[in-house]
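Scroll down for the structure; my scribbles are underneath it.
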2 protein chains.
Amino acid sequence: MPAPLATRTEVLDRIMESFRKDGYDGASLETISKRVGLGKSSLYHHFPGGKEEMAHAVLAHLNEGLRETFDVVKAEPHPKKKLDLILDAIDALYEGGKKACLLARLGASVDRIRFGAPLKATFSGLMSVLADICRAAGLTAPIARHRAEQAIVRIEGALVVSAAMGDPGVFARTLAELRTTLLLPDRGR
Amino acid sequence: MPAPLATRTEVLDRIMESFRKDGYDGASLETISKRVGLGKSSLYHHFPGGKEEMAHAVLAHLNEGLRETFDVVKAEPHPKKKLDLILDAIDALYEGGKKACLLARLGASVDRIRFGAPLKATFSGLMSVLADICRAAGLTAPIARHRAEQAIVRIEGALVVSAAMGDPGVFARTLAELRTTLLLPDRGR
DNA sequence: GTCTATATTTGGATAGAC
DNA sequence: GTCTATCCAAATATAGAC
């Protein structure tokens, strides 16, 4: 609440923190207002559509941040370094497993609020970037897609389990294993 | 609202459905009341502590159901059959990935409501059962623990991603892969 | 044990001054 | 652009009849 100058990015970052921590339904305008450091009316000035518009704006904001990361990754030629870059970004985003995933939290309200499309888009984007890396490492397209899907599954699951167990180590171990195994050649079965 | 006789188990099952679908904050007494088929006052008669007590009761109810499954699993001697039994139960519980995980949903409110202990207990229980199966299949204790942890990570993650993508196939593929790989001998690295 | 009715609080949203 | 004050609806919870 201190910062007197709140740029739009800062505002969005803080609203994002509210939704991440409490979920869409658990985050009230009251608590968001306090966290952002702006009164409710000021929030409505920036987001006339209220809480729902805030959530959509936050999702778009997250997507923008991810796109920047993706651009950096694409500029890197080595597959393993690509992977490390993206997992570093994910590790930082969730602060080593101490913070929840916005997408998972908003997903809980997907039946009542219209988050379906942006949520799906974000996951799809992440998935195709990971699949690209897998293919660059020499894996076939179907295997690459499957690996990418399971990587995201494991990242999301690790965040859920880390939070429930109060143990960020779960997340750390999961990321570490992805780093060493995601690009390994396929061994068939 | 049909069932005129609502045994406590039925009531708990329906409340559980409410929390699974909408999360703790998203489930209102109004919607719970409708789903259960009892008026709000009747709910308070059964759960004087209100919504929070309902959630705790539902968690205890889930634990009881899991314990019964665990007992059946323990009676089965073959590791692979043990695994299949437990994954069948999980598949049924989440209806092939179409239903969300109560634990993940309640985890979103863990900072405001006191779910930490029961949540952790449930995950720990599931984890130790899976680890037992892995050890019975010949894996060492540390490997078994790690495999069990990652199995739960993947199950939870698959539920999150399936819901967000609107594709239960993610869950199905994840379970299928766990069936064929969880008990495989360790290959070192 | 369940209901109707009501109290109380909180949450989302707006009006209008500065 | 931000604030204070306020409105209205919804949510939690209780009282008391049956």
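Can you name every residue in the stretch A:38-56 that is more than 9 Å from DNA strand C (Cβ to nearest atom), more than 14 Å from chain B (Cβ to nearest Cβ) and assigned to a helix (DSSP H, G or I)? Break it down into steps so the answer makes sense when it comes.
We begin by selecting, within the stretch A:38-56, every residue more than 9 Å from DNA strand C (Cβ to nearest atom); these are A:38, A:46, A:55-56.
In the following step, the residues that additionally are more than 14 Å from chain B (Cβ to nearest Cβ) were identified as A:38, A:46, A:56.
Passing the criteria: A:46, A:56.
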Original post:
Can you pull out the residues in the stretch A:21-37 that are within 8 Å of DNA strand C (Cβ to nearest atom) and surrounded by 18 or more Cβ atoms within 10 Å (Cβ to Cβ)?
Top reply: A:25, A:27, A:32
**OP:** Scan (1) of a type in the set (Gly, Ala, Ser); (2) under 24 Å from residue B:23 (Cα atoms); (3) crowded, with 16+ Cβ neighbours inside 10 Å for the single condition residue A:89 breaks and write down its number.
**Re:** (2)
Original post:
What single numbered condition from (1) more than 14 Å from every other protein chain (Cβ to nearest Cβ); (2) within 12 Å of DNA strand D (Cβ to nearest atom); (3) without any contact (Cβ under 8 Å) to a residue 12 or more places away in the chain; (4) in a helix (DSSP H, G or I) fails to hold for residue B:30?
Top reply: (1)
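Could you grab me the full set of residues in the stretch A:109-126 that are within 24 Å of residue A:181 (Cα to Cα) and either modelled with pLDDT under 95 or surrounded by 18 or more Cβ atoms within 10 Å (Cβ to Cβ) (or both)?
So the first thing to find is which residues in the stretch A:109-126 are within 24 Å of residue A:181 (Cα to Cα), and the list is A:122-126.
Hits for the stretch A:109-126 are A:122, A:123, A:126.
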Original post:
Here are A:112, A:135, A:154, A:105: which of them is over 21 Å from residue B:21 (Cβ atoms) and either within 11 Å of another protein chain (Cβ to nearest Cβ) or of a type in the set (Phe, Trp, Tyr) (or both)?
Top reply: A:154
Original post:
For residue B:71, all conditions in the list (1) without any contact (Cβ under 8 Å) to a residue 40 or more places away in the chain; (2) farther than 22 Å from residue B:120 by Cα hold save one; what is the number of the exception?
Top reply: (2)
Original post:
Which pairs have Cβ atoms under 7 Å, sit 6 or more apart or on different chains, and link a residue in the stretch B:166-177 that is more than 7 Å from chain A (Cβ to nearest Cβ) to one that is in a helix (DSSP H, G or I) and hydroxyl-bearing (Ser, Thr, Tyr)?
Top reply: B:168/B:162; B:171/B:162
Subject >> Residues that are more than 7 Å from DNA strand D (Cβ to nearest atom) and surrounded by 14 or more Cβ atoms within 10 Å (Cβ to Cβ), drawn from the stretch B:38-54 >> reply: B:38, B:42, B:43, B:46, B:47, B:53, B:54
Original post:
Going by the structure shown, is residue B:9 in contact with a helix residue (DSSP H, G or I) (Cβ under 8 Å, 6 or more places away or on another chain), without any contact (Cβ under 8 Å) to a residue 40 or more places away in the chain, assigned to a helix (DSSP H, G or I) and polar (S, T, N, Q)?
Top reply: no
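The values are calculated or read from the model by the stated rules, or taken from the named source; none is laboratory data. Remember, predicted model here, so these are calculated numbers, not experimental data. Using ideal geometry, Cβ is built from the backbone for each residue, glycine included, and neighbour counts are taken over all protein chains shown.
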